[in-house]
Amino acid sequence: MSSLDLYRTLAGEGEGTLREKGSRFIAIAFPMEDEAGFAERLSLVRKQHATARHACFAWVLGTDRSRANDDGEPSGTAGRPILQEIHAAGLIACGIIVVRYFGGTLLGKGGLVRAYGGAARIALQDAGAVERMMRTTVEVSCGYAVFDAMRIEVEQQQGAVIDATYAADCSARLALPRSLAQRFAERWRSRGAMVHIVGHTK
């Protein structure tokens, strides 16, 4: 296993509340798998906070996949500071939504940046961080003797058998550390197994 297989994300969900000149900022931080899952959570948060004026957010799925949204606040005053807090914590596969209940006093751009970023930071601290392994899913089909040896190697490499079907041959889905998947596939193909790399999982 390589250090390239490891990533930091949230250990769970967290919440942070911050008040600034009458306005209330409520941040919700949570792990996420994909954009569709984030969209569902955003819709739910908007329903739960239907009277809030803004629901600003940021998410990071990988080193090159992120998004920030100001939801009507002045450009760069909400989504970007939320995103910066995620980056500063070195996290991926997570998102933060910050809803604002307007208190009647304008905060100015600097005040908004501090409030949105501050609420996001509190939520991240509440959630905590954990180190996880990036895995690659591999589908295999082979004889029983080959599969028994393959399973031992998978366990030794901190992988796992996701599921398996036993018929005339064995068919299974395996999860392996990302850096080892290609060499694993090549090695077992040379021994007569059918091996197909499906894609990355977390």
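Nothing in this text is a laboratory measurement; each read-out follows from the coordinates by a stated rule. Since the structure is predicted, the reported quantities are computational estimates derived from the model, not experimental observations. All Cβ positions, glycine included, derive from the backbone under ideal geometry; neighbour counts span all protein chains shown.
Reported to the nearest whole Å, the Cα centre-to-centre distance from segment 71-88 to segment 18-62 is 12.
With the Cα gyration tensor of segment 136-202 giving a ≥ b ≥ c as the square roots of its eigenvalues, does the rule (a/c under 1.5 for rounded; else a/b larger than b/c for prolate; else oblate) give rounded, prolate or oblate? Note, shape of segment 136-202 comes out prolate. For segment 79-202, averaging the sequence separation of C-alpha pairs within contact (under 8 Å, six or more residues apart) and dividing by the residue count gives a relative contact order of 28 percent. Normalised size of segment 88-202, defined as Cα radius of gyration per 2.2 N^0.38 Å with N residues, equals 1.72.
Taking label points 7 Å from Cα along the Cα-to-Cβ direction, Ala149 and Phe102 give a separation of 7.0 nm.
No solvent, one uniform scatterer per C-alpha: report log10 I(q)/I(0) for segment 1-111 via the Debye equation at q = 0.12 1/Å, two decimals. One equal scatterer on each Cα of segment 1-111 leads to -0.42. Take every Cα pair under 8 Å whose residues are at least 6 apart in sequence, average their separation, divide by the length of segment 1-88, and the relative contact order is 17 percent. Of the peptides 38-49, 173-184, the order by per-residue mean of other Cβ atoms within 10 Å, starting with the highest, comes out as 173-184, 38-49. All distinct Cα pairs of segment 49-150 go into the 1/r average, and the inverse of that average, the Kirkwood radius, is 15.9 Å. Compared with the dominant principal axis of the Cα atoms in the chain, helix 79-88 is inclined by about 50°. Each principal axis of the Cα cloud of the chain was evaluated for its coordinate range; sorted largest first, these ranges are 72, 31, 25 Å.
Working ranking of peptides 188-198, 123-133 by packing, defined as the average number of other Cβ atoms within 10 Å per residue, highest first, is 123-133, 188-198.
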